[in-house]
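See below for the structure under consideration.
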Amino acid sequence: YVFKPINTVVNAFYYHSLLLMKQIAEVLGKTADAQQFQQDAGRVYQSFQSVFFNTATGLYVDGEGTTHSSLHANMFPLAFGLVPKDKQPAVINFVKSKQMACSVYGAQYLLEGLYRSGQQEAALALMTSDSTRSWVNMMREGSTITMEAWGIAYKPNQDWNHAWGAAPGNIITRYLM
């Protein structure tokens, strides 16, 4: 991931947050606030497409001013509904090609993006993989609870008590079942 002052991941989270704030405003009966959050989300959506989408590759770039496209710059937009239907095939193929090249924290959004875009088999294959970047590897290394990283090779000074690494726990109930 090429970090830039204006980057894809932060803006994807911002877009998602605006939509969540809209929902909260609606539940609270704050109609004007809900409308404002929706308008803001619409502007972010349009800007996101014009600033971060590379028409030559069909992928999202890491940030303004770079041509590099990472897994992160594509899996977060996929998870948060920022990828228009006509652009999804290229983004999905790219995301699937990267496998689990993210942290255990990022795996939550990778799996959500795959399930939300109809890629159930790919998501399940990642959850059941026995590669070194997998939950099976955590067990192979002796952990009985999710670790901070995929294994000792990725972070030798980690602890073995990280709920953020337990993505399959909620993904199975929310998407698989």
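The values are calculated or read from the model by the stated rules, or taken from the named source; none is laboratory data. Worth saying up front: this structure is predicted, and the values here are computed from it rather than measured. The area values use the complete protein model at the heavy-atom level, side chains included, leaving out ligands, DNA and RNA. Shrake-Rupley method; radii C 1.70, N 1.55, O 1.52, S 1.80 Å.
How much accessible area per residue does region 1-131 have, in Å², with a 1.4 Å probe? All intermediate terms of the calculation are to be shown ahead of the outcome.
Numbers: 6510 Å² over 131 residues.
Spelled out: the 1.4 Å probe surface of region 1-131, per residue, equals 50 Å².
What's the carbon and sulfur percent of the chain's accessible surface, probe 1.4 angstrom, rounded to a whole number?
Details: 5360 of 9280 Å².
On the chain, the fraction of accessible area on carbon and sulfur atoms equals 58 percent.
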Relative to the longest principal Cα axis of the chain, at what angle does helix 104-116 sit, 0 to 90 degrees, rounded to 10?
-> 60 degrees
Linear extension gain, residue 130 paired with residue 90, 0.36 nm per residue minus alpha-carbon span | 11.8 nm
Taking every pair of alpha-carbon atoms in region 1-82, give the share separated by more than 15 Å as a whole percent.
-> 55 percent
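At 0.36 nm per residue, minus the direct Cα-Cα distance, what do residue 144 and residue 2 gain on full extension? Give it in nm, one decimal, please. Could you put the intermediate results ahead of the total?
Details: separation 142, 0.36 × 142 = 51.12 nm, distance 3.43 nm.
Between residue 144 and residue 2, full extension yields 47.7 nm more.
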Square roots of five times the Cα gyration tensor eigenvalues for region 45-177, Å = 28, 16, 12
For residue 54 and residue 97 in one chain, what is 0.36 nm times their gap in residues minus the Cα-Cα distance, to one decimal in nm?
-> 13.7 nm
